[in-house]
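The values are calculated or read from the model by the stated rules, or taken from the named source; none is laboratory data. The shown structure was predicted, so the numbers you read here are calculated from the model rather than taken from an experiment. Heads up, the Cβs are rebuilt from the backbone with ideal geometry, glycines too, and the neighbour counts pull from every protein chain shown.
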Amino acid sequence: MYGGGGTLLVSGSGYGVPRYTNTDARMKDHFRENVRRMRQIQRQSREREADSHKPVKALWKSDKYSNIQSRIKDDIERVPSVPRPKSANFLRAHSRSGPSVPVMSRPCTPDVTEDKLTVPKASSSADIKLQRHNFDFIKINGITAKHAKIPRSPSLTALDDLKKKREEEYSRHKSGQVPSYLQNRKKQWKKDEEDRIANTPDPEMPPGHRKLPESERKQTLKLLLDKEQDLVDELSALPIRMDTFRIRSQKQEIEKKLIEIDEAKKIFSRPKVFVKVE
């Protein structure tokens, strides 16, 4: 760069040949640009101010609600109440433990005179006289140890009580006599065995039948014998001559009943009788 304000440019065609260019013409005029920008901002500001003075178009509102007062307006115009202090929410003494207790000021502690002191002063310790009693503690301890019971563990005590109880039961028991609880148990066993035998189904019993109890079988057999004797007596009372049809029919009916009773006697004379379950 030379003092004339030019710039030396080097090109590829020739080296060392100075070439001057005027750079001042290309410089930007910032002052003029700033003035232009300020005027533009002022113009925009005047336009916004002019637009702000224009009347705003009223919003559409229905005539139906023209006479109704706004609730928000009432809340805004209402005078705010004084806030409640936080201390008002604190719990008071004895507020949940019963009736209120009147707060009373505590009385001052009265002055205690020397005559009413329960603990003597340290300065009066020289006047205290010790009293000694001639106790024979060795003898007292010996007497106490002689009559004292030796503490035993609960398990040993329970074992001794059990032994005493068994000895008392053995002494009350009469030799050669079966206890009553064994006799009752034998009776119960016998009854259970009888019930088991009675309820055990007979292998000879056909399906759909039941075994007739022994008492009922004997009672039925006795009724059959009595009925047979009545029919025999009735048959013996008939006349010898069978001339009429009524007498012959009566004789045939009696003989038929005797045959049925004889068959029933054979059935109920068996040791086991099975009856069909209805």
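Which one of these is in contact (Cβ under 8 Å) with a residue 12 or more places away in the chain, of a type outside the set (Val, Ile, Thr), part of a helix (DSSP H, G or I) and surrounded by fewer than 13 Cβ atoms within 10 Å (Cβ to Cβ): 228, 255?
Being in contact (Cβ under 8 Å) with a residue 12 or more places away in the chain, of a type outside the set (Val, Ile, Thr), part of a helix (DSSP H, G or I) and surrounded by fewer than 13 Cβ atoms within 10 Å (Cβ to Cβ) holds for just one of 228, 255, which is 255.
Looking at the stretch 20-35, I want the residues that are part of a loop (DSSP other than H, G, I, E, B) and modelled with pLDDT under 65 and have a partner that is surrounded by 10 or more Cβ atoms within 10 Å (Cβ to Cβ) and polar (S, T, N, Q) with Cβ atoms under 8 Å, at least 6 apart or on another chain. Which pairs are those?
Listed by first residue and then by second, the contacts come to 20/7; 21/7; 23/7.
Collect the residues in the stretch 231-252 that are touching a helix residue (DSSP H, G or I) at 6+ places or on another chain (Cβ under 9 Å) and part of a helix (DSSP H, G or I), keeping them in residue-number order.
231, 232, 234, 235, 250, 251
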